[in-house]
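Asks: Handing you a structure now.
The values are calculated or read from the model by the stated rules, or taken from the named source; none is laboratory data. Because the structure is a prediction, the values reported are computed rather than measured. No Cβ is skipped: glycine too gets one built from the backbone with ideal geometry, and neighbour counts run over all protein chains shown.
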Amino acid sequence: MDLTAIINTVAQNIKNDSHEATSLLELSNIANVLNDTIGGEGVIDNLKSAMMHNNNLSKTVTTWVKEGTNAPLDANMLEAFLGQGKVEEFASKLGIDKSIASDSLMSAIPMIIDQMTSSDTSLADGLLKHIGGWQGILEMIMRFFRK
């Protein structure tokens, strides 16, 4: 599945979520703003960069690129991934409250990465390589349980 199709699917999920404000939005507008917010085709590079600075984000992303349930994204990880001010910009462009925008993005980003990496294993391999492969995942898990 290409990025445009993934963005459109995720935009439909945002439109159909539990927030009345998002249900009133144009689907194409959600898709365009979402694509701009995540960095379009550069989303994987942006994610790799953010993972270098946020160990919790690396642990979370690992669940998105492998089979199984996706770990949730929290507000701090969202800001680490998108950069400061992007949630506000997303909210402003769509005319919705910042908390709704944050909720929408925290659910959208894992879906996007999950779908991108499940359809193109080279993307998943690239992200895994960035965190040290399966050995890196094991080390992160071991560090997590030592805390």
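Asks: Go through segment 49-68 and report how many residues are in contact with a helix residue (DSSP H, G or I) (Cβ under 7 Å, 6 or more places away or on another chain) and without any contact (Cβ under 8 Å) to a residue 60 or more places away in the chain. If you could, list the steps in order and put the result at the bottom.
Replies: Looking only at segment 49-68, we keep the residues that are in contact with a helix residue (DSSP H, G or I) (Cβ under 7 Å, 6 or more places away or on another chain), and these are 50-51, 53-54, 56-62, 64-65.
Within this subset, residues satisfying the condition of being without any contact (Cβ under 8 Å) to a residue 60 or more places away in the chain are 50, 53-54, 56-57, 60, 64.
Of the residues in segment 49-68, 7 are in contact with a helix residue (DSSP H, G or I) (Cβ under 7 Å, 6 or more places away or on another chain) and without any contact (Cβ under 8 Å) to a residue 60 or more places away in the chain.
Asks: Can you list the helices (runs of 4 or more DSSP H) found entirely within segment 5-78 that contain at least 1 residues being surrounded by fewer than 13 Cβ atoms within 10 Å (Cβ to Cβ) and over 12 Å from the mean Cα position of the chain (by Cα)? Talk me through it step by step, then tell me what you get.
Replies: Values: elements: 20-23, 27-38, 43-53, 55-65.
Those helices (runs of 4 or more DSSP H) span 20-23, 27-38, 43-53.
Asks: Any idea how many residues of segment 79-89 are of a type outside the set (Gly, Ala, Ser) and either assigned to a loop (DSSP other than H, G, I, E, B) or touching a Ser or Thr at 6+ places or on another chain (Cβ under 8 Å) (or both)?
Replies: Restricting attention to segment 79-89, the residues satisfying the condition of being of a type outside the set (Gly, Ala, Ser) are 79, 81-82, 84, 86-89.
Next, from what is left, pick out any that are either assigned to a loop (DSSP other than H, G, I, E, B) or touching a Ser or Thr at 6+ places or on another chain (Cβ under 8 Å) (or both): 82, 84, 86-87, 89.
Residues that pass the stated criteria total 5.
Conditions tested, residue by residue: (1) closer than 20 Å to ILE7 by Cα; (2) among the hydrophobic types (A, V, I, L, M, F, W, C).
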| site | (1), (2) |
| --- | --- |
| LEU47 | yes, yes |
| MET52 | no, yes |
| ASN55 | no, no |
| THR62 | no, no |
| LEU73 | yes, yes |
| ALA80 | no, yes |
| VAL87 | yes, yes |
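Asks: Would you call PHE90 under 16 Å from ASP36 (Cα atoms), modelled with pLDDT of 90 or more and aromatic (Phe, Trp, Tyr)? Steps first, please.
Replies: Details: under 16 Å from ASP36 (Cα atoms): yes; modelled with pLDDT of 90 or more: yes; aromatic (Phe, Trp, Tyr): yes.
Here the answer is yes, as PHE90 does meet what is asked.
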